[in-house]
Every structure is written in structure tokens, then in C-alpha cells.
Amino acid sequence: MSELKILDEFMQRVQYDVGEPLRPCDYFHSITGVGASGVVAILLGVLGRTIEETSGAFLQLCKQVFPTEEITAEARSAKLEDGTRQLLREFGLPENCRLRGDLHGTSECKVSIAYMAAMDMTNCRMLRNYESHHSSYNPTIIEAIRIAWATPGLFAPIRVGTQILQEDLVSAVDGFNNPTFQAVKEAYEIFGSDERMACLLSIGAGKPMVRSLSIDRQDLLQRGLRDTEMTVEQMRRRYGSLQVYFRLSVDRDLEFDRPSFTVDKRTERIMSHTSTYLETHDAFSTMDHCVKSSRQASRVTIDHLYHTRTGNSRSSHGLPPLSTFFVVRHQPMDDIIKSLQNTSSDGQRVAVVVGMGGSGKTQVALKYGYECDDLYDHILFVDASSPESLQTGLHARVRKLDPLLNPKTPVEALQLLAHPEGNISRNWLIIMDNADNSNIDIRKFFPDCDHGAILITSRNPTLGNLSQDGPILLDVMSREEAVELLLATALGLSSHRTNSDRLSKGVVSVPRQSERDKASTMSGPPVRITDEDRRHAGDIVALLGFLPVAIVQAGCYIRMQKCLPEYAARLQANRSTLLRKPAQAQRDRLKYDHSVYAAFDATLSALSSSALQLLGILSFVHFADFPRPLFVVAASYGFAYEPQYLLERGEDFQASIDLLKSIFCPDGKWDETALDQILEELQQYSMVTLVPVYSTVTYSTVTLRFHPLLHAWAKDRLSETEATAFRAAAVRLLSCGTNYDDEYLWEYLLPHFKYISPFDGDLHVNDRGALAAVVGQHMSSHELVRIWEDLYSRVKQIYGETHVQTSQAALELADAYGQDGDREKMEEMEREVVRVRTALLGEEHPSTLRAIGNLARTLRGNEDYDAAAELEVKVLDSIRKLNTGDHRALVQALTDLAWTRTGQGLDEPAITLLHEALEAVIALKGKAHPLTIRVMEQLSNCYANREDTDQVEQLGKEIHTLQKQFHGDRHTKTFDAVAFLASAYSKQAKYADAEAHWREVLEGRRETLGDSHLSTLHAMHQLGVAIFGQEHYMEAKAVWEEEVQIRTEVNGPTDEQTLEAIFWVARCLYGQEQYGEAESLWRQELSERRKIHGNLHRDTFDSLRWLGHAVDAQGNYEEAIEIWQEEVAGRQILMGNEDVSTLESLGNLAAALFDLDEYTEAENLRRVQWDGSQRQLGEFHSETLQALYCLARCLYEQGRYSEAQDLWMEEIAKRRTIDDQPNEDVYNAQYWVARSLFEQELYEEAEEVFGETLAGRRELCGEREPDTVDTIHWLARAMYAQCRYEESEELWRQALPISQEVCGEQDETTLNIIEWLSNTLFEQEEYDECEELRRELLESRRETFGQLESNTMAAMFQLAQVLFELEKYGEAEQVSREELQCRREVHGDHHKDTHDAMHWLGRALYDQGKYEESRRLWEEEVEGRKALDGPEDPVTLQAIEWLAKIDAKQQEDPIIDRPSASSDSRSATPDASIPPQLQPDPDASQELVSPVPSSASPRTPQSFATSQLSSPNSSTRATFPWLQRIQQSGKKRLDRISRILP
């Protein structure tokens, strides 16, 4: 089923490309199968079924032959036969139809099925649906399916043939489970040798699990698996580079060990795993290339695939046997195959394997020869170490190819390879081994032709130029390969491996039969390899540097001495002895001993004395990453640099200098080409590797790397005298790199100080002091103190306490004490040094000034800035006065004083000093120097203190460029500079720029420091901040979630930085309006903050604040108030009542109270916030003005419109003082001034302010903004209140389409406008359009809010009104009945709105003459109003009058007419906006006025008792469009985000 799924994906892609449906049998010329796959091949290729039909048929068979209960093989075979018979009937085919000849027109595809005779399971035979010159049995379809699937142990064999020639047949799964070779053979015989191949597709079914099977079936499946994988590997090596062979197979278990699993369940899992596999990059890419390849023929012929010999036929001549313990090295083997079997290029193919001695070059070349001998007619192995061995070897090997030809000379032998005769063909391979001698032009030994292949092994990487693919670098083994080799060599191959063996990727080569004949076999039973053995082996191979020859050598020793656990200790104690002892019993017959040191000794005679001397010197430092620039720096000092001159030097000092000069200055002066020549010489024999760390326009840093065993060999071969001299020279080199101006080298020097340490008492005091200056930055302060106490004691013992040299040691010791935390002692010693030097040298001597500068830095570190400044001014003045030209001292003095001025808060003087320092350091060192960059960074910090972001950005860019120029793209200091620039962008709110730079930093720090390094995590966090600043919350959340995951793994879930990352994940959720999830995270964070810090801590308060926001946004205002009350109380205790954060928290608490309509309490808190903000931040600060704005809102909601208006006017004046340009904050305040005027019935003044606000918002925000639409609405309201209905109508018509587009059709803002537009039409008696709008309004409110919402019921009332005016009493009755029913359900019978609905329904009935029902309603209304409002209430009395009218009507009193209420008594007239001329006349009490439901709009105080319509939908708070959206979604405003609601 997995194979069918893969094939289906293939066919789907093909069909997409060709544009028509295809069956596999229509597309493939040949299909070969075995086992269950053979059944599938018959269904697809012989019966011509589609993949879907085949899947169904095969699944049907599986269900029949694999029932849930266990059955015998015979019973399963019977079920298979019955199932196949049933399938043939379903396909409309006769049961006795045969595989070949009976199914005409079904398919042209050639199908072959692999099977074997039960009595001879070594040979594979084929069932075929086509004629062949091979005799083959032609079974029926039923027999063919049985034979294909006759897996031993699973199905019974099938007996076929005549009585005399009968035999039992079984599936070929045991031995030929992957029939790819057989498929190629069949294609060769069907289509001929010259036909070109398009695609050879091998589809597998995954690796089966076997632990649930019987022992026999386990063995069978294990053999099948081995067979399949070996075939896959062979095919990959043989055809991998031809671009026509493709393998697709799920690389995981596809069977399940639960017997209870049904076929359907197993199939479901198989298909799931296969789908997952097909989505992987490798499978997707392979499938894509396979489909493309299948569409066109390649250059590869079937003959090319098939022509090579099979079986035990050998084509090699003189090929030495492989080492007994050879381990396959997959990558170099693949590289050789790619170079030598590349069919995309014509001509002779060359591959060059390069590696150091003992790396296994020869073995890899031999392995290729043995693995691929069937690809070549002749393989010639020759020793290429000398011209003589090349000539002799080639001549002898060619002569053996055809004795009749008998070439007389090597030249004739080469000509025979170039122009083959006799038995010699064009298809040959020459292996030239050990071509190390750079003086030999090996090209002279290449046959002059365009055919054949040459494989070269060499230590010389320059020979790689002979191959168009470059050298194949053979490095040391991987850890897994090395462990496998050591265990195989030391303990023998084990058949009982532990679970840990699965970790090993190395595969021990099993020789073929012909090799086994020659191999010496190991005696004794297999040894069990334990996890402990693997642990010891891992330690040993690491000590050996994973070098193959050393591992074999060690393994042979361990095998002989039985000392695996002890070998590592023996190696460290007796390295030279053990590594010189050759491995025994090697059978490869190569000319050198299998010993590490013997392999290295072979190069001694070829190396110059200078190369050997350099090897000897560098053997005393670490074997890796020795910086090449150190040679240049040391030479610039004449190899004599002494940073700490504490004691006199002896003769050995000059001897070391002379030795270095003799190596690097052969003509008496430094010439870098001498160094180049030495390094080239060492590279020719792969004894050193040059590793480019970075390369820039200005600088190029390369490090030298040696194999650890070669490094050890270079030291072990030295005499005692040589060792002493070379070690001293190594110390000289390292000391020359300790100048602070060369600090960029220190990161490379540090590992080498483990070999030459300042703790070493044998080193000269001066050298120990020099090394301590570098190492001291990376060692514990206690160790540094110990070094300098010893050095100080030695110097003082010789010179006394008051000598200049002693004072130098004293200064260094004082600094060590300071680093160890004893600043008091540091200051004391530095004052004493100043005193001594002043007495000895004078106050203005440079040494005295350096001591004073040290003391000043200590005082600055103690925050005694004034005292430090006094000393530093003195030092600076003296240096300027002396004018010695010492720019370094001047720069130090300027930067020191600048740091102190910064500490004093005097950034401007500091900036002036630093500009002078920058000019001086550029003159001294140039721009691209670490010292220059440090001054620029210090200057940038000063600008940052002044919040001069432009200067910070400009300097940040320049620093980044210089760091990149000096250190290269990938250096940590370059990334630090990028991080500094990114921070500058963030401070300027240039978040997109910040994001780009933080991404660069994060990528670089991941690469150089790893994912879990603190600097990497810092970059990750800041990247999240930059993305968050752009409001890309989902992307920022992903970044911070990764940070949380890594910090949790490294530091645990309760680490403070982990909690900080969790906090920001919650902020992202909040920004995405996922308030519940944000609340959950903030509760988690708060709980941990309380545990870490307690309740009274800033971090705890921050967690409380945002938890409150999350709760508040979900409408849980009471809980939010409790949370913020705790936060406020805590901040008041810890920080004080008027701390800025306390005042901000008061604002949050006030906002929650405001949301609960607790306006008085909210007002009190806002007053406290405003007063405190004025004192702490100033009256013009944005936070202060925000508090003022919110305070005014509190007053407004209490109906104190005049007071609110005054506060908003004050806010406007202050904002215009700050910025006279129009801005949103001013327009917001202006808007609310207009609203206040409106509420005070100052409609003309309100109209003027609304008009000004509208013009400003249109200019600032544009027409299509919710705030602009809302302003249009309120401007129209102001006109409506002045009875200017036509003007208000025009504005609402203008606003409606904009609101529908911007806010949405069902948004409350849009519905609000529709309602008021209908009102103004009503007032103009345009009832038809009014009815249409109100019907639309009612339907929208029903859909949006539901039937029982107050706005919906108000819309019912308004629609009934206009229907009443249109005298559509029946429709008005229907709407009023619906309203009354809703009112009863929501409010009950005894509620004012219910009474109003009763009344108007009664009116509709009355006008239709339905007096009885009208009477009943009005009687109920009167009784209800009496109980609720009292019998004397004006509305109650009006209801009584209407009841009296109906009595009179029923008595047919001609005097009393039907009550006729004025239009205004039924109209949707706004509350305070009712014009005076439409207000009810108090004297006209005889006119009966019908009540209006109060819920049709909120109430406002009236001068009369009749309920009036205040707002067509909701309270004035809810008319603000963005506010409505926020309220509907449950989101509340934060003072820092929006300034509209307090």
C-alpha cells in the first residue's frame, strides 16, 4: 500500500504535466515485482488496472488472507486463491486466463515477476507476460498471484507443471527482495542494448518491524531487509551519478507489533507514514527529478547499465587486499563515484583523494576498486611515490592484461591504454597511490586519450587541480566510524550488539568470497560489545584524533594486551612508544608499517630544516587555530617585544630571537614570502591545514591547524636541547602578541596559554607577566592575584620595594586585587606607587603619569568622579605640555577623562574630549583598528545619553562598517556592532530597520555561539521586540516562543529571563485579541514572580498590570479592579504615591471603574493621577494631558458638561502650546468639547466646533476613517437639533456609504446613521423611504443583536410609528405585537417599556376599530402604570384619558372624535435636540399625548413627564464608532494606547 501511494504521487505529477489521465501500464514500458509487490505488478501491468482500482483490489485480498485470527500457511493460500478468483469475476475475466497471451489489448506493458524453486533457492527465475527467448512457465493469473506472494512461512508453496516435471515454487523475496538488477536484465533482453534509458524507478515498502513475528519469519524478514538495503547501496553506487536511477521508500517501520490491529488500521497508519514521507524535502526533490527524467530519454543506454559482468568475475590486476578492519567512509566514496562515473562530461575522468598520512586514502581507493570492479574491464594499481615506481608499475600491470601484446617500455604500455588492442579495452581504471612528491609531473603518466579513469591518492592538495571537481579531501573519521573501527579491531565483530550500536553509522566491510579466501580469519566466538566498551572506545579515538591508522594500531595493541579500559591512560603515559609500535597481521601488503609515527616519519627526508624547525616550535602550543598574523606582528617587533620589563634577561632571550629570525628572516630582514614557502611545503604533505577565519578588504586572518597526533609526533621526535630551544621560541612568539594594540589576536592566543601558562614557574618573570595580562581576563580573579603576588615577590626580592620595576609589578598586583573585589587595597597600593614614582622620577614623568591615570580609574570605579577628574585633568595637561608625540598616552588620557565627565553627567564636555581622542587615534592607528572603534563606541554612548538618536545611528553604521572591515562578516565583534545599530533603530522606533539588523545578529550568533548562548537569546528577544513594534504579533510570538523553549531547556521554566519571554508571548496574544490565552500566561508568570520576588517587587507589579488588562479586555471589570487595586497598593508602598508607574496604575484602575459606570470613583482617581503627573512629569507632558482628558470624560458622563468642557479647552490650549500643528489629540479633545456643547443644548456652538473638527480629521486622517464618519454623524445631529433636516439628511447620506465600507454593513455606527437618517426623513414626512430604512434597520438589528435586545425592540417601535403614519394599521399592529411580546419576555408585565408597547399596540387596534382588544390592553396599561408610577402621574392620566376615549367611542358619542396625537408625540425626536417649537405645550393638557418607550433610546431629564426619544440606539458613549466596536468585542482601551475613554 505504501508503494501504491508513492506510485500514485508519481502518476499524479506526470498526469499534471501531460494534461491527461494515464494508467501506470500506459506510461511504464516494464514493471518488475516480487512478493506482494509482484501481486501489485500483475494488477497494474497485466490486468491494466488504475492505481485506485489496484489499491482497492489489493486491500480486499489483504483482508481475506490476513484475518484477525491466526491461520496456517495452507489456509492463507486457499484464501488468496479464492480472493483472486473473486477479483477476476469482478473484472469480467475468465478464471483460467493465463499471464501471457490471453489478455489482448489490456496493456502493452512488459511485466516480470521474480520467483524461485523451493528446492533451489539460489537462482531467481521470472514469470513474464511477454515472449522471451528464455523458457518460462506461463501460469494462470491465479497461479501467478499465488507464486508471486508465496513467501515461505506466510503462504504455502504452489505446485505447478506436469506430473513428471512438477515442482514447488515460492516467492523470490528470500534472496531477491529488491529485483532491480533483474529488472535491468529483463529490459536489456526486451528492448536491446542501444535503447536509451529515461528512468529506472525503484519503489520500496519501508523497513519492516520484526519483533512480533515468529523466529523463522524474523530471520526471513531480516535477510530480506539486508538483501534490499545491500542492493539499494550497490545500485546507488553504480547508477547514482547517471541521473536515471531513483529510489523512493519510506525509511521507517511500516508494520505494527500489535496483533489486534486490523488490516484497515494498519493501512491507515501506513498511508499516514507514507504521506509524511512524501512531504519531506528529500522525497519531494527525488520525486520531482524522477518525473522530469521520465519525460525524456537520457544519454545512458541499457547497454551502459547492463554490460558489466556479474558474479565472481574479477577485472583487477595487482589490486592489494583491503585492510582486515576497513570501515566504509560514505562521503569520500560518494565523491569518488561522482567524479569518476559522471556521464554528463566526455573525456578521461580523474579523481584525486587528498589527506594526511594515515588518513586511509589508499584504503578508500582500494574499496572503490573492489566495489566498482564490475564497471571496469581493467583496474591497474600502481605505486606513484616515485617516477621509477610509476614506470615499473604501469609497465608490469599492462603487460598482464594481454601477454600477446607484451609492451617493451612504459611508454608503449601507456600507448596501449590510449589505443587499445587485443584484450585491452577502453574501459580501464588506474589507481595511482601515494603521489606525494611535488617534483613529479604525474600528468606524464596519464594515457593520452579521452577515455578511461584515473584515481590518485596524495598528501599534496595541489594535485586536486588535475580533477575538474577539485580534490576529494579525506579528513579524519567521524566519531561513530572511529569507534566502530576500534571495536572491530580490538574486540572482533559482534553478533550480539547492544542498543547503543544503533548509534553507529560506520559499516564494517565484509569481504567478498574471493577476498575471504585470502583473509586470515579470526578464531574464537564473537565478543559481546557493551556500552561501557563503547564509552572507552570513544575516549580513545578522541585522543587519537580519529585518525584511521592510529585507531587500527591501537586496536591491534588492545587486542593483544586485552587492555581496552586502560589504553587511554597508557597512551597518555607512553605516547611515543605506543604510536611507534606497528599494527600486526595486516594483510594489505602495502610497503609501509601500520604505525602512526612511521607514516609521519616518511616525510622527514622531504622537509626543509625551516619547516621542521617551525613544526618543532609550534609543537609547544595548541595543535589548532594558531593565528598566522602573529608571525607578522612578532616580526614587526623584531621578535623582541616585552610588555612587562620586570627583570633582566639572559642569553637565552637573544638565542630565541636569533632562532626565529633565522627561520623567517633568512636574508636578515622580514620577508613574508619565507613564511609562505614554509607553509606551502608543509601543506604539500598535508601536515598543516590553513583555516581562513575571516577575510576582508583590509585584513585576512588565517589560522594553522595540525592533527593532534602529528603535533605530538613533532614534539616527541625532538632531542632535549631542541625541545628547550623550540619551547623558548614559542614563548617569544606568544609574548609578542600581548600588546593591547593587538588585542584582536587574543581570542586566538588563549587556547595556546594552556600549553604555555603564566603559572609555569620555569618561564621568565617578564614572560609570565606578559601572558598574565591576556589570560587574566579569562581566569578567576583569585588565580590572577596568586600569579602577581608571586611575580611581585620575585621582583621585590631582587630590586627592593622602592624600585621602578617593583612599582610596575605593584601596579599589576593592585589591579589584580581590584578584580578580586578588594578595591580598598587596590587604591592603597596605587597611591603608594604614585608616591614612589613621583619621588624617583618626578611628577610629570610618563611612568608617574601612567600610575596617576591608574589611580584615577580606580577612583572613578569607586564613583568618586570629582577626585578622579582632578587627577585626569592633571595627567592630560602634563601630556600636552610634554608633547612627546606619544599619541597612545594622549588618547588614553582623553578617553579616561571623558568617562569621568560622563559619570558626572557632563556629556557635552565628554563628547568634546572624545572627538579629540578620535582624531588622535585615527592618526595613530587609522580608522579600521580596535582602539579607534572603542573610542567611537564610547562617543556613541555619550550621544545615547543625550538621546541624540541621529548621531547614535550614524556612529552605529560607521562602527558596523569598521568592525566588518577589520574582523569580517561573521565575527562576534561585528555582530555586536550590528546589535548596537539595531538598538539605535529601536530607540528611534525604526522597527523595520531594527528587525533586519537583529535578524542578522541572531543568525550570526546562532552560527558562532550556538542557540542557547546568552548573547544569542538576547538577540532573539530583541528581534521579537522589533517585530512587536511593527504590530506583527504572530511573528513576534513565534520568536518569543522559541526563546521560551530554549531558556526553559537551559535555565528551567522559573528562570527570570524565561518568565520575561513568557510575558512577551502573552503580550503578543493580547495584541491578537486572544485575551483568554494571554490571561493564562500572565497568571502563570505572576505565580512564579510571587515565588521569586514576593508581592512587593516591580516585576510582580508589571505582571499584575497586564493580567488586569487581559481580564479587563474580557469584560471582567470587577476582577480587573481587584487586580489593579493590589498593584496600586503595592506600588504606593514600594515606590510612593506619586511614582510615575504608580500614577499610571491609578489610570488603569480608573478606566475599569469608568467601564462599570462608577464615574465618581473614576473621577477621584483621575484627579489624583492628574495632580501627581503635573508634579512629576510637568503639566505639558503627554501622560499629564492624557490624565486631564480622561478626567474630563468622567465629568461628562456625570452630566457635568460645562466642567468637562473647560478641562478639554485647557487640554487643547496646552497641546497647541507644545505643537501648533494639527494633531489627533487636539481633534479628540475638540470633538468632546463639541459634545459637551451639544449636551448643553448650545447647538449652534456645537455645530461650529464639530465642523472645525471634521475639517481637521478629514485633512489628518482622510474621509474613510471611523472617527471622521463619527464626526459627520454628530455634525448632522447638531443640525437636526436645529430642525435643519435637509442639511442633516445630506450629511447622513454622505456618511452612510463610507460607514458601510469602513465599518461594515452590520456595524453599530452604520446602523446608527441609518436610524438617524430615517428620523430626519420622518420629520420631513418622507414616510415611504423612512419605512424602507427602518425595515432594513430592524432586520439588521435582529441579525446582529437578536430579537430581545433593546435596540432591536426600539427599531420595532420606530417601524410601527412610520407604518402608523402611512395608515398601515394592520402592519403596525403586527410589529407592535412582536414588540410587546419581546418587552414582556425581557422586562415582564410591570415595566414602563412594556406599558408603552401596550399603549401603541392599543392605538393600532383602535384605529382599526378593534376596540375590545384595545380596551383590554389599555386597562392593563392603566393598572400597571398606577402600580408603577402612581395614579396621579401625567403618563398614567394620559393612559386613563385614552381609555375614556374608547368608552366614548363605543357609546358612539358624536361629540368625541378619535384621539389625534400630534406628529411630534409619535416621532423619533431626540431628547435634548428637540427644538423648542416641537416641545409639548404645558397648557395643552387637553391633548392626549401617547408615551414613547424609554428603551427606544436612553433617557435624559425632561421638563415634562412624557418619555421622549433621546438617541435612536444607545447611550452617547455607544455612538462613538471605534468605541462600539471595542465594546462589542470585549476589548477595552488602555490609557497608553487610546485616549478616548478614561
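The residues neighbouring Glu1138, those whose beta-carbon lies less than 10 Å from its own, together hold a net charge of -1 under the Lys/Arg +1, Asp/Glu -1 convention. The candidates Glu167, Glu70, arranged from most to least accessible area with a 1.4 Å probe in the full protein assembly, appear as Glu70, Glu167.
Centre-to-centre separation between the Cα atoms of region 592-667 and those of region 947-980: 37 Å. If R0 is taken as 60 Å, the Cβ-Cβ distance between Thr838 and Gln654 corresponds to a FRET efficiency of 0.95. One chain, two ends: Arg1416 and Thr577. Fully extended at 0.36 nm per residue, the span grows by 289.9 nm beyond their Cα-Cα distance. Ligands, DNA and RNA left out, the 1.4 Å accessible surface of the chain is 48% carbon and sulfur atoms. Taking the C-alpha atoms only, the angle from helix 1285-1302 to the longest principal axis of the chain is near 20 degrees. For region 999-1009, putting each phi into the Karplus relation 6.51 cos²θ - 1.76 cosθ + 1.60 with θ = phi - 60° gives couplings of 4, 4, 5, 4, 4, x, 6, 4, 5, 8, 10 Hz, in residue order, rounded to whole numbers and with x for Gly and Pro. Given their separation in residues at 0.36 nm each and the Cα-Cα distance between them, Gln1057 and Glu1003 gain 17.4 nm when the chain is fully extended.
Computed from Cα positions, the angle between helix 1411-1429 and the longest principal axis of the chain comes to roughly 80 degrees.
Projected onto their three principal axes, the Cα atoms of the chain cover extents of 150, 123, 52 Å, largest first.
DSSP assigns beta bridges within the chain; of those with both partners inside it, close to 45 percent run antiparallel.
Electrostatic tally near Arg794: other residues with Cβ closer than 15 Å to its Cβ, Lys and Arg +1, Asp and Glu -1, net -4.
Can you give me the Rg/Rh ratio for region 633-780, using Cα atoms for both radii and the Kirkwood formula for Rh? Reported Rg/Rh (Cα atoms, Kirkwood Rh): 0.95. Dipole of the chain computed with +1 at Lys/Arg Cβ and -1 at Asp/Glu Cβ about the Cα centre; of Leu704, Phe1357, Leu1275, farthest Cα towards the positive end is Leu704. Rolling a 1.4 Å probe over the protein heavy atoms leaves Asp373 with an accessible area of roughly 10 Å². Working note: Karplus 6.51/-1.76/1.60 with θ = phi - 60° gives region 973-978 the couplings 5, 5, 5, 4, 5, 5 Hz, where Gly and Pro are set to x. Classification of region 776-861 by its C-alpha gyration tensor yields an oblate form. The axis ratio a/c (a ≥ b ≥ c) is 1.5 or more, and b/c is at least a/b. Measuring between their Cα centroids, region 1148-1162 and region 1066-1092 lie 23 Å from each other. Pairs of Cα atoms in region 1300-1376 fall into 10 Å distance bins, from 0 up to the last occupied one, in shares of 21, 52, 25, 2 percent.
How high is the FRET efficiency between Glu743 and Ala118 when r is their beta carbon distance and R₀ equals 60 Å, given to the nearest 0.05? For Glu743 and Ala118, the calculated efficiency is 0.15. Close amide H pairs (under 5 Å, H built 1.01 Å from N) link Tyr245 with Leu200, residues at least 5 positions away or on another chain. Stretching Thr802 away from Lys927 to a fully extended chain increases their span by 40.9 nm, per 0.36 nm per residue minus the current alpha-carbon distance.
Ordering Thr1310, Cys1194, Ser781 by the projection of their Cα atoms onto the charge dipole of the chain, which places +1 on the Cβ of Lys and Arg and -1 on the Cβ of Asp and Glu, puts Ser781 at the extreme positive end. Placing R0 at 25 angstrom, the Cβ-Cβ distance between Asp950 and Thr1217 gives a FRET efficiency of 0.45 after rounding to 0.05.
Normalised by 2.2 N^0.38 Å, with N the number of residues, the alpha-carbon radius of gyration of region 1068-1142 equals 1.08. Each other residue within a Cβ distance under 13 Å of Tyr1033 adds +1 if Lys or Arg and -1 if Asp or Glu, for a net charge of -3. Using alpha carbons only, the radius of gyration of region 898-994 set against its Kirkwood radius gives Rg/Rh = 0.98.
The residues of the chain present an accessible area of 44 Å² per residue when probed at 1.4 Å with all protein chains retained.
Which shape class applies to region 947-1084: rounded if a/c is under 1.5, otherwise prolate when a/b exceeds b/c and oblate if not, where a ≥ b ≥ c are the square roots of the Cα gyration tensor eigenvalues? Oblate. When each of the peptides 1140-1152, 79-91, 136-148, 1316-1328 is scored by how many other beta carbons lie within 10 Å of its residues on average, the order from highest to lowest is 1140-1152, 136-148, 1316-1328, 79-91.
Normalising the average separation of contacting C-alpha pairs (under 8 angstrom, six or more residues apart) by the number of residues puts the relative contact order of the chain at 4 percent. Computed from Cα atoms, the angle from the helix 215-239 axis to the main principal axis of the chain rounds to 80 degrees.
Look at the alpha carbon pairs under 8 Å that are at least 6 residues apart: their mean separation over the length of region 1088-1212 gives a relative contact order of 16 percent.
In the chain, the calculated helix contribution to ellipticity at 222 nm averages -19000 deg cm²/dmol per residue, counting -39,500 (n - 2.57) for every DSSP H run with n ≥ 4.
The values are calculated or read from the model by the stated rules, or taken from the named source; none is laboratory data. The shown structure was predicted, so the numbers you read here are calculated from the model rather than taken from an experiment. All Cβ positions, glycine included, derive from the backbone under ideal geometry; neighbour counts span all protein chains shown. The accessibility values were calculated without ligands, DNA or RNA, using every heavy atom of the protein model including side chains. Shrake-Rupley method; radii C 1.70, N 1.55, O 1.52, S 1.80 Å.
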